[in-house]
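The block underneath contains the structure these notes are about, expressed in structure tokens.
The values are calculated or read from the model by the stated rules, or taken from the named source; none is laboratory data. This is a predicted model, so every value here is computed, not measured. Every residue, glycine as well, gets a Cβ built from its backbone with ideal geometry; the counts of neighbours run over all protein chains shown.
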Amino acid sequence: MAGQGIQRREVLRILGTAAAAAHFPGFSKWTFACGHIGNAALQIKPAEYRPQFFTAAEFPMVERLTEIIIPSDGTPGAKEAGVAEFIDFMVANDPDVKYGLRTGLAWLNAHAEQTDGKPFVELTPEQQTSLLEPLGFKDKARPGAEAGRHFFRMMRKYTVAGFYTSEIGYKELDNPALKFYAESPKCPHPGDPEHADLSSAHS
Amino acid sequence: MAKQIYDVIVIGTGAGGGMAIKTLCEAGLKVCALNAGRRLDPEKDFRYHRMPWDMKFRGLDDPKRLSQSFGYMDNEYTKAAWDHEIPFTVAPGTKWMWPRCNAVGGKTNFWGRSSARFGEIDFRAASLDGYDVDWPLRYEEISPFYTRVEKMIGVASTVQNRPSNPDGSYLPPFNFRCLDFILEAGCKKVGVPYLPDRCAQLTQPHEGHPACHFCGECTTGCDVGAFFSTPYFLLPKAEATKNLELLTNALAKNVLVDENGHATGVAYIDRKTRQEVEVYGRAVVVAASCLESARIMLNSKSRQWPNGIANSSGQLGRNLCDHLYGESARGYLPQLVGQPSFPDHVADSTIAWMPRWQNLKDPHEEKFIRGYSIYPDGGCSEFPWFANELDGFGSSFKREIKRRYPAPVSFGIQAPSLRSDTNFVDLDPEVKDPYGMPVARMHFEWDENVLKMWEHSKQVCAEVLRAAGGVLEGSGEAPEIPGWSLHETGTCRMGNDPKNFVTNRFGQTHDVPNLYVCDASVFLSCTDKTTTISILAFSLRTSEHLIENFRRGEHKAA
């Protein structure tokens, strides 16, 4: 299979951990799923969503984390795209990551209590961000927080996967996938094969 | 009721089987074809036009199933088509991935569509570099079959005059995207080729088939048949002759033989009833794909063939080769950062290739023999897979993902392993499949030569990326595991000497004159090119040889 498949493969790897078979009740509450093609209206009602895996205390924390990772800032972010629900659904179906995420959330709460005296969701947005920066930015990393960084990286992977596979995420990127064309789309910059002008015009 | 005897039993309906079925039926022979799975219903089974949010797992698939997934094509969009029931085993030290599409049409339903001819440099490789043996035919003998196949299936490309890549007759090529022009300029500076790939995807209507609509989801199946697959291109022609009986969910078990050890038919398992059934024919074509064909033939043990049918040479299942795949380089093109999104992902990325440029003038120019090809890829894809390599979170992270979205590029290598005595498939002496048939056991490791190609490709691709003004971010840590490419070859190699080869130069087994092999298992070497178009060309040639043998009375018509 020449040359193709790398992209989908990468997507699979984002979440791809070997998973042991385990029974799971079902998907009846999966609010995104199974709409037929063309069912454009994306009805996300977080208030009505009942998490399958996360506890009532954990779910708002997951939701807040996704919102911090991909915020609503002029264009909709992870919260509007219902990414926390996506994560809950995927984790509920993946025995291999449940433990890591649950202990990660507990660690983050303990870390918040220790630093600011409150559980994570009760901190101000500024406090939350400064707590997460050493976990998410390389140049702010502090020694000794390996487990926390690993947890945050995992949460970020899930958030990216959930957001950019949502309709809102497609709009954010103006994702041209799955559209139809009369001829194979061609480079709109004839006469500039190296696209050098493009980059100078841009910068 | 007298038992029905067909002219030919064909095992498999993929590229090799499909071509045999069509060719034999059109010649007036009565054919019974066996397929291990069901027929697909494009409307129901090809879910490729669904957006990720219309899929239960966003197209990412159930995490519980991912570990059992056979490759990137076996996913939430196509899961019903891949065989998960028949296991296989690996010898200690071997890693192997074995994606098997058991649906009618086999892997042609989802294939990558790159369609380069093998060249004289491949057929005479042994004469050039002294390794192994030459193919038992010259390029000029197979060339007309390639031409006929190209006309049948439609291949988009250009005439390129490359010494390793004979040209054919082509539909208009895909247009180059921004990233292609940028990489082409980089390749020019480095002195390596960057050209339109040979892509069996219809850039214009062809032989009654509609033009591609460039949605970019070919490897999850095309519901208009705008690229070659046997269910769209070959089986309807065979069915129109009324000479075809196609049995589905029929898992071939062994070839039946008479007193003389000649083939009389095939025993198969009806997967619906789980009963063993026999069908009879004057000749048998095995085209179940390289490894499964070997398994069936090895499992066809009889008094006459104690080690498997047509295996007096002991070479059945031996000489297994595969394409090494891997990401030789990845990075991004700063020129495209911040540009508007562009539909780059319209061909599942076989728009351009860097066809073999190594060892062309001197077979020992490099530290390895033979050569490899590179498939570049990039631009706006379904998913910003580069995002996880970016730093940070928040608005800056979100903005950077959008800016970088049109800019990523990667280079995938396709490099042939060399034949070796230690790479082969045999029957596991202990493990059986759910129907009681011994499973295939793989013995395989990448050889030193192909690993040198891998190292070489990482250097060259990094150089190309830098010369193109790109930023190199890394490469795959290791090649993909063997089997990943779905290009295994060599278990029934063709050659003139019956002592050393399973089939003759026509794909007819030396030992059993009415037993033919029509898939990549007959290939003497795996070359740097993809296999499908060559499977089609060789199957066409073998099928016509078979028809000729019927005409000459060597196989009595039913």
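Picking from residues in the range B:379-424 that are small (Gly, Ala, Ser) and either in contact with a strand residue (DSSP E or B) (Cβ under 6 Å, 6 or more places away or on another chain) or closer than 30 Å to residue B:118 by Cα (or both), the one that is farthest from the other protein chains (Cβ to nearest Cβ) is B:420.
Is it true that residue B:166 is free of Cβ contacts under 8 Å to residues at least 12 places away in the same chain and more than 12 Å from chain A (Cβ to nearest Cβ)? Spelling it out, it is not the case that residue B:166 is free of Cβ contacts under 8 Å to residues at least 12 places away in the same chain and more than 12 Å from chain A (Cβ to nearest Cβ). Only one of the listed residues (A:129, A:66) is buried (at least 21 other Cβ atoms within 10 Å of the Cβ), within 14 Å of chain B (Cβ to nearest Cβ), among the hydroxyl-bearing types (Ser, Thr, Tyr) and under 19 Å from the mean Cα position of the chain (by Cα). That residue is A:66.
Which one of these is within 14 Å of chain A (Cβ to nearest Cβ) and crowded, with 24+ Cβ neighbours inside 10 Å: B:521, B:525, B:534? Quick ask: steps written out before the conclusion?
Values: B:521 fails: within 14 Å of chain A (Cβ to nearest Cβ); B:525 fails: within 14 Å of chain A (Cβ to nearest Cβ).
Going through B:521, B:525, B:534 in turn, the sole match is B:534.
On the given criteria, is residue B:376 within 26 Å of residue B:316 (Cβ to Cβ), within 14 Å of chain A (Cβ to nearest Cβ) and either touching a Cys at 6+ places or on another chain (Cβ under 6 Å) or not aromatic (Phe, Trp, Tyr) (or both)?
Details: within 26 Å of residue B:316 (Cβ to Cβ): no; within 14 Å of chain A (Cβ to nearest Cβ): yes; either touching a Cys at 6+ places or on another chain (Cβ under 6 Å) or not aromatic (Phe, Trp, Tyr) (or both): yes.
In short, no.
Among the residues of the range B:152-168, those that are part of a loop (DSSP other than H, G, I, E, B) and not charged (D, E, K, R) comprise B:154, B:155, B:157, B:158, B:159, B:160, B:161, B:163, B:164, B:166, B:168. For the range B:268-324, the candidate set comprises residues that are in a loop (DSSP other than H, G, I, E, B) and basic (Lys, Arg); within that set, the residue that is surrounded by the most Cβ atoms within 10 Å (Cβ to Cβ) is B:318.
Sort through B:464, B:439 and tell me the only one that's modelled with pLDDT of 95 or more, aliphatic (A, V, I, L, M) and over 25 Å from residue B:326 (Cα atoms). It would help to see each step written out before you state the result.
Values: B:464 fails: over 25 Å from residue B:326 (Cα atoms).
The unique qualifying residue is B:439.
Every residue, every condition in (1) more than 14 Å from chain A (Cβ to nearest Cβ); (2) within 21 Å of the chain's Cα centre (by Cα); (3) within 30 Å of residue A:164 (Cα to Cα); (4) at pLDDT 95 or above, yes or no:
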position: B:9; (1), (2), (3), (4): yes, no, no, yes
position: B:16; (1), (2), (3), (4): yes, yes, no, yes
position: B:19; (1), (2), (3), (4): yes, yes, no, yes
position: B:23; (1), (2), (3), (4): yes, yes, no, yes
position: B:27; (1), (2), (3), (4): yes, no, no, yes
position: B:30; (1), (2), (3), (4): yes, no, no, yes
position: B:60; (1), (2), (3), (4): no, no, yes, no
position: B:64; (1), (2), (3), (4): no, no, yes, no
position: B:67; (1), (2), (3), (4): no, no, yes, no
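Of the set (1) within 24 Å of residue B:89 (Cα to Cα); (2) surrounded by fewer than 16 Cβ atoms within 10 Å (Cβ to Cβ); (3) acidic (Asp, Glu), all apply to residue B:455 but (1). Taking into account only those residues within the range B:255-275 that are in contact (Cβ under 8 Å) with a residue 60 or more places away in the chain and not aliphatic (A, V, I, L, M), which is nearest to residue B:8 (Cα to Cα)? Looking at the filtered set, the residue picked out is B:265.
Filter the range B:377-418 for residues that are on the phi > 0 side of the Ramachandran plot and either surrounded by 24 or more Cβ atoms within 10 Å (Cβ to Cβ) or hydroxyl-bearing (Ser, Thr, Tyr) (or both) and give the result.
Applying the first criterion (on the phi > 0 side of the Ramachandran plot) to the range B:377-418 yields B:378-379, B:392, B:394.
Selection gives B:378, B:379.
For residue B:190, the conditions (1) more than 30 Å from residue B:512 (Cβ to Cβ); (2) without any contact (Cβ under 8 Å) to a residue 24 or more places away in the chain all hold with the exception of (2). Restricting attention to the range A:72-89, the residues that are in contact with a helix residue (DSSP H, G or I) (Cβ under 9 Å, 6 or more places away or on another chain), surrounded by fewer than 21 Cβ atoms within 10 Å (Cβ to Cβ) and not acidic (Asp, Glu) add up to 4. Sub-6 Å Cβ pairs linking a first residue in the range B:91-103 that is within 16 Å of residue B:45 (Cα to Cα) and touching a residue at least 24 places away in the same chain (Cβ under 8 Å) to a second residue that is outside any loop (DSSP other than H, G, I, E, B) and of a type in the set (Lys, Arg), at least 6 apart or interchain, are B:101/B:107, ordered by first then second residue. Scanning the range A:58-78 for residues that are more than 20 Å from residue A:119 (Cα to Cα) and touching a residue at least 24 places away in the same chain (Cβ under 8 Å) turns up A:70, A:75, A:76, A:77, A:78.
Of all the numbered requirements in (1) away from chain A (no Cβ under 11 Å); (2) at pLDDT below 85, residue B:86 misses one, and that requirement is (2).
Taking the criterion of being farther than 29 Å from residue A:76 by Cα, facing chain B (nearest Cβ under 7 Å) and of a type in the set (Gly, Ala, Ser), the only residue of the range A:147-195 that qualifies is A:184.
Restricting to the range B:522-558, count the residues that are outside any helix (DSSP H, G or I) and hydrophobic (A, V, I, L, M, F, W, C).
Restricting attention to the range B:522-558, the residues satisfying the condition of being outside any helix (DSSP H, G or I) are B:523-531, B:552-558.
Narrowing further to those that are hydrophobic (A, V, I, L, M, F, W, C): B:523-524, B:526, B:557-558.
Residues meeting the conditions: 5.
Do we find that residue B:47 is within 17 Å of the chain's Cα centre (by Cα) and of a type outside the set (A, V, I, L, M) in this structure?
Values: within 17 Å of the chain's Cα centre (by Cα): no; of a type outside the set (A, V, I, L, M): yes.
Criteria not met by residue B:47.
Just need a number here: residues in the range B:456-497 that are of a type in the set (Asp, Glu) and either under 23 Å from residue B:106 (Cα atoms) or in contact with a Phe, Trp or Tyr (Cβ under 9 Å, 6 or more places away or on another chain) (or both). Can you show your working first?
The initial filter retains those residues of the range B:456-497 that are of a type in the set (Asp, Glu), namely B:463, B:473, B:477, B:480, B:488, B:497.
Pick out the ones that are also either under 23 Å from residue B:106 (Cα atoms) or in contact with a Phe, Trp or Tyr (Cβ under 9 Å, 6 or more places away or on another chain) (or both) and you get B:473, B:480, B:488.
Residues that pass the stated criteria total 3.
Residues that are part of a loop (DSSP other than H, G, I, E, B) and either of a type in the set (S, T, N, Q) or within 14 Å of chain A (Cβ to nearest Cβ) (or both) within the range B:249-260 comprise B:249, B:260, listed in sequence order.
Any chance the range B:134-151 includes a residue that's assigned to a loop (DSSP other than H, G, I, E, B), within 21 Å of the chain's Cα centre (by Cα) and small (Gly, Ala, Ser)? Show your work before the answer.
In the first step, residues of the range B:134-151 are kept if they are assigned to a loop (DSSP other than H, G, I, E, B); the result is B:134-138.
Within this subset, residues satisfying the condition of being within 21 Å of the chain's Cα centre (by Cα) are B:135.
Now restrict to residues that are small (Gly, Ala, Ser): none.
No, because not a single residue in the range B:134-151 is assigned to a loop (DSSP other than H, G, I, E, B), within 21 Å of the chain's Cα centre (by Cα) and small (Gly, Ala, Ser).
The set of residues from the range B:419-447 being under 24 Å from the mean Cα position of the chain (by Cα) and at positive phi is empty.
Given the condition under 18 Å from residue A:126 (Cα atoms), assigned to a helix (DSSP H, G or I) and not acidic (Asp, Glu), answer yes or no: does some residue in the range A:70-79 qualify? Looking for residues that are under 18 Å from residue A:126 (Cα atoms), assigned to a helix (DSSP H, G or I) and not acidic (Asp, Glu), one finds none in the range A:70-79, hence no.
For the condition among the polar types (S, T, N, Q), over 17 Å from the mean Cα position of the chain (by Cα) and within 9 Å of chain A (Cβ to nearest Cβ), what is the one hit in B:75, B:35?
Sole residue among the options that is among the polar types (S, T, N, Q), over 17 Å from the mean Cα position of the chain (by Cα) and within 9 Å of chain A (Cβ to nearest Cβ): B:75.
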